[in-house]
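The values are calculated or read from the model by the stated rules, or taken from the named source; none is laboratory data. Quick caveat: nothing in here was measured; it's all calculated off a predicted structure. Cβ coordinates were reconstructed from backbone atoms using ideal geometry, including for glycine residues, and neighbour counts include every protein chain displayed.
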Amino acid sequence: MNVTAVVWGIPNCDTVKGMRTALAQAGWVVDFRDFKKLGVPQDRLPVWAAAVGWERLLNRQGTTWKKLEPAVQAAAADAAGAAALMAAQPSVVKRPVIEWPDGRITVGKVAVSPPA
């Protein structure tokens, strides 16, 4: 049985690479979607934020965030500002974002079990 996890991220991100490998090794089919090529999906961003919280979804630890002007960072101090920034700068979305077949959404490195 092929069970697919949709993985959103950036291909050269070490965490994304590791999760893609872990998923494949556990028996998952990985449908990878590249933020750099596709952008952040405007219909999915609110769903992700509702599932994990916009604060967790916004990656304030990465290089892209650290290079932003202080005024741009300050504008991301609430859900609307963070959503606008994530839409404009996909690299500030914490990754990978994984959409599981059961409807769950996870962000970042997570434990992987074989598909049920």
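List of remarks:
- Failed item in (1) modelled with pLDDT under 95; (2) in a helix (DSSP H, G or I); (3) within 22 Å of V112 (Cα to Cα); (4) not small (G, A, S), with K17 passing the rest: (1)
- Qualifying positions in the range 16-45 - within 14 Å of W100 (Cβ to Cβ) and surrounded by fewer than 15 Cβ atoms within 10 Å (Cβ to Cβ): A26, G27, V29, D31
- Only a single criterion out of (1) in contact with a helix residue (DSSP H, G or I) (Cβ under 7 Å, 6 or more places away or on another chain); (2) at pLDDT below 95 is not satisfied by V107, namely (2).
- Test: residue in the range 53-67 that is aliphatic (A, V, I, L, M) and out of contact with any Lys or Arg (no Cβ under 8 Å at 6 or more places or on another chain): no
- Complete set of residues in the range 56-107 that are under 25 Å from K17 (Cβ atoms), exposed (fewer than 13 other Cβ atoms within 10 Å of the Cβ) and among the charged types (D, E, K, R): K66, K67, D102, R104
- Remark: pairs (first residue in the range 8-30, within 26 Å of A87 (Cβ to Cβ); second residue part of a helix (DSSP H, G or I) and basic (K, R); Cβ separation under 8 Å; 6+ apart in sequence or on different chains) = I10/K36; P11/K17; P11/K36; V30/R20.
- Q25 of a type in the set (S, T, N, Q) and in contact with a helix residue (DSSP H, G or I) (Cβ under 9 Å, 6 or more places away or on another chain): no
- Scanning the range 20-41 for residues that are aromatic (F, W, Y) and assigned to a loop (DSSP other than H, G, I, E, B) yields a single hit, W28.
- Candidates in the range 61-116 are the residues that are part of a loop (DSSP other than H, G, I, E, B) and of a type in the set (D, E); of these, the one that is farthest from V47 (Cα to Cα) is E69.
- Scanning the range 90-116 for residues that are of a type outside the set (A, V, I, L, M) and farther than 17 Å from K37 by Cα yields E99, W100, P101, D102, G103, R104, T106, G108, K109, S113, P114, P115.
- Residue that is surrounded by the most Cβ atoms within 10 Å (Cβ to Cβ) [pool: residues in the range 1-15 that are under 14 Å from the mean Cα position of the chain (by Cα) and of a type in the set (S, T, N, Q)]: T15
- Hits in the range 20-46 (condition: farther than 24 Å from A116 by Cα and of a type in the set (A, V, I, L, M)): L38, V40, L45
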